[in-house]
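The values are calculated or read from the model by the stated rules, or taken from the named source; none is laboratory data. Computed from a predicted structure; not experimentally measured. Cβ atoms come from the backbone with ideal geometry, glycine included; neighbour counts cover every protein chain shown. Just so you know, the surface numbers come from the protein's heavy atoms only, side chains and all, with ligands and any DNA or RNA stripped out. Shrake-Rupley method; radii C 1.70, N 1.55, O 1.52, S 1.80 Å.
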Amino acid sequence: MLASNGRLITIVWIIFLTIFYLTSGYIATTRIYDDKVESEQRQKQRIDPKMTENGKTQVNAQALLQQANDDYDEVIVGIYADRIIDLSAKLTGWSVDFYIWFNWDNEALNPGETFQIVDGEIKSKVRLKNMSHDGQYYALYRVKARITKFFNVVSYPLDHHMLSIHIEDKKHPWHMLRYVPDQRATTYSSRIKVPGYKLTNVDIISKPHAYKTNRGNPALPDNYQAVYSQITYGINIERPDWGLYFKMFQGLFASVAIALLAFILGSSAKERFSLGVGAFFASVGSSYMNMNHLPGVGIVTLIDMANGLTMGTIFLTLLGSALSSGIASNENQQSIAKLFNRVSLIFFIGGFVSVHLLMALIAAS
């Protein structure tokens, strides 16, 4: 049947390839774009003093007003990141060495000894300076901390992130103490280097942070919401170029290139199938190595989509070789078999490159 209907088979084949790449491209680019919009919205909420980040406990405004009074202390807080020690998406965290300072005017307070890092652990804390002048108090600390962060790896290795340090006073709630960010002096060291990323800008804001529990305090009602003033210091990082992208995917690109050699050989060449099979297993090995860079998360990432597109393309080259061989088995269909090979090669290259390029452009934008 293939031998007698080579022209029809070629038309149906090209339609099928077109649908495959259009569908793959739509699903992949939509997934990446939607995640990008969601990620940008989440970062905007994180550094907006009036917004609560999605997934965090919403502050009960009415309860907050009931707790509010004019008898609270303000503490000015500034942060200077001096060194990012390590960063690992797979290990879900990063370590930082930073300076933090406090300015206040209530002698009874000691904010440098009562602050904590939310979602992190202070590895060491050294007080460098503690002084007072004309009723104003100042303290400077150097801190090394390990901070938990679940990196959004959907766009990896064309990803960007905000590395956040969340500071709270563990003793005084919001109605007693409020942090004020030191916008003027807060920044980061120009010596900071994060392999594979470049630092773009820094933000520091203050806003109330709510806990949905009374922490078992019998003196408080069950629906009581503990609220503390929180400083959020965020450093934005992004990929400087596509170097890591090409480095990680060069194995996949090479596998597809090898598989496409089958359409340059004659339709009856025995090497066609061995090229495709070898390329398929090479892509599986490359995919396995790429997955080792990421944590075990149940979400579809750019790496997953690139791997899937590559293995799907190589499998279809094997199917195309079978169809081409079937058409060429009829001596009268040799010209159609050659046309099948040429057109298949063009559509495979065009479809594979276009979908990969669109995914990368959206992830990197």
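Couple of notes before you dig in:
- Cα pair count fraction exceeding 39 Å, expressed as % - the chain: 38 percent
- Our estimate of slack between Met176 and Lys125, defined as 0.36 nm per intervening residue step minus the Cα-Cα distance, is 15.9 nm.
- Using alpha carbons only: equivalent-ellipsoid semi-axes of segment 96-183, gyration tensor based, whole Å: 30, 14, 12
- Stokes-Einstein translational diffusion, segment 4-139 - Kirkwood Rh over all Cα pairs, 1.567 mPa s, 4 °C, in µm²/s: 61 µm²/s
- Rg and Dmax over the alpha-carbon atoms of segment 67-117 stand at 15.7, 46 Å.
- Accessible-area composition of the chain, carbon plus sulfur, in percent [1.4 Å probe]: 58 percent
- Taking chymotrypsin sites (Phe, Trp or Tyr not before Pro) across segment 239-304, the ones in a DSSP loop with at most 15 further Cβ atoms lying within 10 angstrom of their Cβ are Trp242.
- Accessible surface comparison of Thr52, Thr301, probe 1.4 Å, protein chains only, largest first: the order is Thr52, Thr301.
- Of Lys270/Lys338; Lys144/Lys198; Lys144/Lys193; Lys90/Lys170, pairs whose Cα-Cα distance is over 25 Å: Lys90/Lys170
- Spin-label model, Asp82/Tyr26: points 7 Å from Cα along the beta carbon direction are separated by 5.6 nm.
- Share, in percent, of DSSP beta bridges within the chain that are antiparallel, nearest 5: 90 percent
- Spherically averaged projected area of the convex hull of Cα atoms, segment 179-329: 15.8 nm².
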